[in-house]
Amino acid sequence: MDWQAKLNDGGIVLLDGGTGSELQRRGVPMNHAAWSGAAVHSHPDVLRDVHRDYIAAGAEVIITNTFASARHMLDPAGLGHRVRDINEGAVKLALDARSTAATAPVAVAGSICEWVHRGSLWEASAKLRESLREQSELLANAGVDLLTIEMGQWPEHTAIALEEALRTGLPVRAGLCCAKVTDRGGELGGFDPPHAPFDEILDSVVSQPVGLVSVMHTSINDTTAGVEAVRARWDGPMGVYPESGRFKMPNWVFEDIISPEDLRSEEHTSELQSQFRISYAVFCLKK
């Protein structure tokens, strides 16, 4: 599937749902430092089934379980020596799922995340760049169709992640997360404290040759504000990937979960598509 052409023509591409949270929901234990990263080797069959089920539910893009699998996430978990195995294994499981479950074209996106454990050596830009370059190359060489930056929320780190992903020559999409910061009058900032201004995060993205800018890993209550902010600065294809519940490392806390019916209700989709004139969207599809 040429997902970029479909978006550029005004179409809608359906993304899969959360992989790590779905693995947890199916009983896979999360790692204290690398969240779902270790599942590639500990529970490969469950991970393959998650991808297969999302494809069966209609996903046109599935994302590899590599959100927390760069060296800067695996090292604190004592798994730094398995960076290659884990990333290549995650891509293989996604490709296997596509080959056995897809009846229509499905793209496989390699997930990269800038998130670092605060206070670690990996916060240094040079060290983080090494890690993101390594992972980008591993995913590209393993056969993904595109790379997706997830949870972009630190301007300098987001820029580094995009630069290293783009170096591979693969198409790249940027996923940004945001939250309304109460003590700043509801101003939008990054998801985690100290909440970098969302405008600065956008500055690190909109000048780059990315194929799509998505508001993801963001509360449904803050998503529309994030979409409005992106649309004011970006006239290309956009994605929407809201969430419900909350994360408390290493587990997702399934509280105040939005039902699939409510997520696709007119209240949410009409507001996103008409009020803010969204021409292109990637919606989270929950099975």
> Got a number for carbon plus sulfur as a percent of segment 1-148's accessible area, 1.4 Å probe?
Replying inline: 50 percent
>> Quick check of the Kirkwood formula: for segment 150-262, what is the inverse mean of 1/r over all pairs of different Cα atoms, in Å?
In response: 14.5 Å
> What's the extension gain from residue 81 to residue 123 if we count 0.36 nm per residue and subtract their Cα-Cα distance?
Replying inline: 13.2 nm
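Assuming a viscosity of 1.002 mPa s and a temperature of 20 °C, what translational diffusion coefficient in µm² per second does Stokes-Einstein assign to segment 15-87, Rh being the Kirkwood radius over Cα pairs?
Roughly 174 µm²/s, to the nearest whole number.
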> For the chain, with every protein chain kept in place, what is the accessible area per residue (1.4 Å probe, Å²)?
Replying inline: 42 Å²
> Highest mean first, what order results for 183-193, 75-85 on Cβ atoms within 10 Å?
Replying inline: 75-85, 183-193
> How big is the Cα convex hull of segment 89-178 in projection, averaged over all directions, in nm²?
Replying inline: 6.4 nm²
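If you take every DSSP beta bridge fully contained in the chain, what fraction is antiparallel? Give it as a percent rounded to 5.
In the chain, approximately 25 percent of DSSP beta bridges are antiparallel ones.
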> Given the Cα-Cα distance of residue 184 and residue 12 and 0.36 nm per residue of separation, how much length would full extension add, in nm?
Replying inline: 58.5 nm
> Could you list log10 I(q)/I(0) for segment 134-209 at q = 0.13, 0.26 Å⁻¹, which the Debye formula gives when each Cα is one point scatterer?
Replying inline: -0.41, -1.10
>> Can you report the principal axis dimensions of the chain using only the alpha carbons, biggest first, rounded to whole angstrom?
In response: 47, 44, 39
> If you average the sequence gap of Cα pairs under 8 Å that are 6 or more apart and divide by the length of segment 1-156, what percent do you get for the contact order?
Replying inline: 23 percent
> Helix-derived [θ] at 222 nm for the chain: sum -39500 (n - 2.57) over DSSP H runs of at least 4, divide by residue count, nearest 500?
Replying inline: -11000 deg cm²/dmol
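By how many nm would the segment from residue 261 to residue 232 lengthen if fully extended, with 0.36 nm per residue of separation less the alpha-carbon distance?
Answer, rounded to one decimal: 7.5 nm.
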> For the chain, what's the relative contact order in percent, using C-alpha pairs closer than 8 Å and at least 6 residues apart?
Replying inline: 18 percent
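The values are calculated or read from the model by the stated rules, or taken from the named source; none is laboratory data. Predicted model only: the values in this text are computed from it and were never measured. Quick reminder, even Gly has a Cβ in these numbers, built from the backbone with ideal geometry, and neighbours come from all protein chains shown. We work out accessible area using only protein heavy atoms, side chains counted, and drop any ligands, DNA or RNA first. Shrake-Rupley method; radii C 1.70, N 1.55, O 1.52, S 1.80 Å.
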